[in-house]
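The following block contains the structure, expressed as structure tokens.
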Amino acid sequence: MHKKNTVVMLVFLSVVSLCIISVCIVSFCRAEEKSVITGGNMIEAQTIVVPLERPNLELRFKNIFSGELVTKGQVWAVCDDTLHDNHVEFSLRLNESGKVGLYVNQSIWNITVYIDDPTTMGKEYYGYYQITTTSVGELELFVFPVGTVRGKVLDSRENLIGNARLSFECSTENGNPAPNVTSEFGGFLYEYAPLGECRISAMYGDAVGVTSVSVTKGNV
């Protein structure tokens, strides 16, 4: 499977001439092992076995636009217990019926869901919910299709510009928060970006420039 890459050049309005090269990619990442974070503390190894309690919350996901059931991919669920200040993360693979099972305490949870397909290069779906859990429950949740924007900020001599400030103005807000600065090597990666047009601004010193990219899903 080959992805179509969109390359956008940006020239800044300043004595310093910079450009952004961005590549829009859509698909999933591979996540093979289950991991959990509790009490707000990151476990260094980031890999432990999720407790074997019987799942009391079953989730399945549908594309909010098409209504299509999502039956393939890895689900990363980030769960924040608003009543007891607990933080838990689950990495689980969708089964044949498009379901994943979680074990969570009875509470009010803020849950962010990321869905990846390990056979593709980018990200696929994103959703954010507030859920009140009971002893047993099954929920059908709608997720937003998303894409990925990868890029670099360069000067006129094609030198990478690290720590340049970034601003994304996208046509919708149905995605993950955007990065606000390039890495020390001048690159940036915006995963789970909302679909549609995104206006990207980059600032470094007195140099400012703007360009736009179209974020699409399944661009093969």
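The values are calculated or read from the model by the stated rules, or taken from the named source; none is laboratory data. Owing to the predicted nature of the structure, the values given are computational and were not obtained by experimental measurement. As a convention, Cβ positions derive from the backbone with ideal geometry for all residues, glycine included, and neighbour counts pool all protein chains shown.
Among what's in region 56-80 and is surrounded by fewer than 19 Cβ atoms within 10 Å (Cβ to Cβ) and farther than 15 Å from Tyr126 by Cα, pick the residue that is modelled with the highest pLDDT.
Narrowing region 56-80 to residues surrounded by fewer than 19 Cβ atoms within 10 Å (Cβ to Cβ): 56, 58, 60, 62-69, 71-72, 76, 78, 80.
Checking the rest, the ones that are also farther than 15 Å from Tyr126 by Cα come to 56, 58, 80.
Details: Asn56: 80, Glu58: 89, Asp80: 95.
It comes out as Asp80.
If you don't mind, there's one more thing I want to ask. Contact list please: Cβ distance under 7 Å, first residue in region 185-210 and surrounded by fewer than 17 Cβ atoms within 10 Å (Cβ to Cβ), second residue among the acidic types (Asp, Glu), pairs at least six apart or on different chains.
Arg199/Glu169
Given the conditions (1) modelled with pLDDT under 95; (2) assigned to a strand (DSSP E or B), and given that Ser167 satisfies all but one, which numbered condition is not satisfied?
The number of the failed condition is (1).
Further question on the same structure: Please state which of the following conditions Arg150 fails to meet, knowing it meets all the rest: (1) touching a residue at least 40 places away in the same chain (Cβ under 8 Å); (2) of a type in the set (Lys, Arg); (3) in a loop (DSSP other than H, G, I, E, B).
(3)
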